[in-house]
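See structure below.
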Amino acid sequence: MRIHSLFSSLIEIDNRPFSRDDKRYTEKKNKSERARRKKEDIARLRSIVDVCLSVDPRIKRIKQEEKEAREAKKRGKAGTPQNLKAREEEEKKKAEEEAKRKEEEEKVRGVTFPLFQLI
């Protein structure tokens, strides 16, 4: 007697002689039954895994961290401490350059040429 190993079939094939059509019919039924049982088993196993993942606090913590990371990325890179320092330094440089430029303008305005004093 031969039984298929994967999700054993309901219809067993004996070693006694069958007609070719009977064997094909039986194999077709067995194949469809194995496929149905495999699908049910995978669905059952998937539901068990889903329940385990939803209950496990480690998985919840990891998902929360990933969610926070995605939100931080959406807000932009401006929120990170390194970028805040870079922005502050850039603003400081701009302020210094502006102050230097104004100081030079004041010097230029304050300078009078001797030719103009004579006239």
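Below are the figures for this structure:
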| item | result |
| --- | --- |
| Links that overshoot a 31 Å alpha carbon limit, given the list K63/K93; K73/K93; K39/K74; K74/K94; K74/K100 | K63/K93; K39/K74; K74/K100 |
| Per-residue ³J(HN,Hα) for the range 44-52, Karplus 6.51 cos²θ - 1.76 cosθ + 1.60, θ = phi - 60°, Hz, x for Gly and Pro | 5, 5, 4, 5, 5, 5, 4, 5, 4 |
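Bear in mind that the values in this text are calculations on the coordinates, not laboratory data. Given the structure is predicted, the values throughout are model-derived calculations rather than measurements.
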